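A short worksheet on the structure shown next.
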Amino acid sequence: MYGLGILRGLGITLRHFVETYVEDIRAGLKHYGADEVFSMRQGAQAKGLFTVEYPEEKIAVPERFRYIPFLVVNDEDHPDAPGEPWCTSCGICAKVCPPQCIWIVRGSDPETGRPVPQPEAFTIDIDICMNCGYCAEYCPFDAIKMDHDYEIASYDRTTAHLYNFDKLARPLSYWQRIAPTRAEAERLEREAKEAAKAARAKGKQQGLDIVR
Ligand code: SF4
Ligand code: SF4
């Protein structure tokens, strides 16, 4: 019958309208600012409409959210190498980056001039980066990860958006905080690889001992 669909649509709109105020009353004075109310109103079971008062309020991003890459470095309380980057300047990320916005200068020993597995310079043009995450997927050393920080607008595009090593570096604890599940899975994988490598080395050594 003509008009029934319109009435149904208006009914849904009216229900959302009423539920908005019912939920507001249920949340009481804690409506704005309280984290638990905010996440409840943004959750899958939320009813009614809820305005996010950005920038005071922000919707939590999922763990797999990705924006600009960052470089993992050791935490400052690391027992052997505080602040040391994980990047070995192998260049794989720069090769796989589709828009070619990563530039790396391999480090070298100042005395011998021989290459060292650390970058002397590492730059990403974040205006060109398309947030695909390939660099993080392909890095064999877990040294580059995708950040959650999306508030990077600035008035100076020429220099402020060329991120150098200092701007890209974040401690491992930061990655563990924003992506706990993945960081833990990666840690276990690294440990398994190290154990397999040690077992292979031990087997090789035992083989040599038998030959001798
Ligand atoms: S792939 Fe990883 S280790 Fe290699 S240069 Fe890129 S960030 Fe560094
Ligand atoms: S996220 Fe994609 S576009 Fe951005 S630097 Fe990494 S590979 Fe390049």
Cut-off 19 Å, label 7 Å out along Cα→Cβ of Glu76, residues of segment 144-180 by amide N: 165-178
Estimated FRET transfer efficiency when R0 is 45 angstrom, pair Glu186-Leu10 (beta carbons, to 0.05): 0.30
So what's the back-of-envelope 222 nm ellipticity for the chain, counting only DSSP H runs of four-plus at -39500 (n - 2.57) apiece and dividing by all residues, rounded to 500? -12500 deg cm²/dmol
Rg and Dmax of the chain, Cα atoms only, in Å: 25.3, 95
If one takes the longest principal axis of the Cα atoms in the chain, at what angle in degrees, from 0 to 90 and to the nearest 10, does the Cα axis of helix 4-27 lie? 70 degrees
In degrees rounded to 10, the 0-90 angle between helix 180-211 Cα long axis and the longest Cα principal axis of the chain is 20 degrees
In whole angstrom, how far apart do the alpha carbon centroids of segment 82-131 and segment 38-74 sit? 31 Å
Please identify the cysteines of the chain that lack any partner cysteine with a Cβ under 4.7 Å from their own Cβ. Cys87, Cys90, Cys97, Cys101, Cys129, Cys132, Cys139
State which entries of Lys167/Lys193; Lys47/Lys145; Lys58/Lys145; Lys95/Lys167; Lys95/Lys197 exceed 32 angstrom in Cα-Cα distance in the structure shown. Lys47/Lys145
Relative contact order computed over segment 50-169 (Cα-Cα under 8 Å; 6+ residues apart), in percent: 32 percent
How many nm is it between the label spots at Leu49 and Val116, if each spot is 7 Å from the Cα in line with the beta carbon? 6.0 nm
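Values in this text are rule-based calculations from the coordinates and carry no lab data. It should be emphasised that the depicted structure is a prediction, and the values quoted were computed from it without experimental measurement. Here Cβ is always computed from backbone atoms with ideal geometry, including for glycine, and neighbour counts include all displayed protein chains.
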